[in-house]
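Colleague: Can you keep this structure in mind? I'll have questions shortly.
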Amino acid sequence: MPARTSRPEAGARTPPRTAPGRPEPVLRFRIRITVGDMIAVGPGKIALLEAIDQAGSITGAAKRLDMSYRRAWILLDEMNRSLRHPVVDSAKGGADGGGSALTDAGRQLIALYRHIEQTAAAACRDDIRKLMAMLAR
């Protein structure tokens, strides 16, 4: 999943550049919701749903994310057991090859998760800026 970064606000002090050979620090929110010991919703599961939406199949999504079909299926099963409504609707293979599509619940889950990430980043913007300034560059 590509890292999400925000642009500095107008008038914000630009942090010093990273020393040559050192990677630029990147902020990543890793929001997870657990049910018992199981992660019901998290960044990997949201990335899987987004990949299914793009690829149109669990197999295609798994390939895009460099994971096995079995692992993708397990993640979907965990989500479906944790949520009130299924997040993916799959058609059996055959002449048309089958496929998978997000349900309305799946699309709503992605939108809400991404909105929470953006809201959290905005709420913490000043503290994040201070924390980033403390990093050795």
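The values are calculated or read from the model by the stated rules, or taken from the named source; none is laboratory data. Values in this document were obtained by computation on a predicted structure and should not be read as measured data. Cβ coordinates were reconstructed from backbone atoms using ideal geometry, including for glycine residues, and neighbour counts include every protein chain displayed.
Colleague: Could you tell me which residue of region 59-74 is surrounded by the fewest Cβ atoms within 10 Å (Cβ to Cβ), considering only residues that are within 18 Å of LYS92 (Cα to Cα) and under 16 Å from the mean Cα position of the chain (by Cα)?
Modeller: Among those that are within 18 Å of LYS92 (Cα to Cα) and under 16 Å from the mean Cα position of the chain (by Cα), it is ALA62.
Colleague: Could you please find all residues in region 46-67 being touching a helix residue (DSSP H, G or I) at 6+ places or on another chain (Cβ under 6 Å) and free of Cβ contacts under 8 Å to residues at least 60 places away in the same chain?
Modeller: LEU48, ALA51, ILE52, ALA55, ILE58, THR59, ALA61, ALA62, ARG64, LEU65
Colleague: I need the full set of residues from region 79-121 which are among the hydrophobic types (A, V, I, L, M, F, W, C), farther than 22 Å from VAL35 by Cα, modelled with pLDDT of 90 or more and exposed (fewer than 13 other Cβ atoms within 10 Å of the Cβ), in order please.
Modeller: Listed by number, the list is empty, since nothing qualifies.
Colleague: Out of PRO23, PRO2, PRO43, PRO16, I need the residue that is at pLDDT 95 or above and out of contact with any helix residue (DSSP H, G or I) (no Cβ under 8 Å at 6 or more places or on another chain). Which one? Before you say what the answer is, go through the steps one by one.
Modeller: Values: PRO23 fails: at pLDDT 95 or above; PRO2 fails: at pLDDT 95 or above; PRO16 fails: at pLDDT 95 or above.
None of the other options fit; the residue is PRO43.
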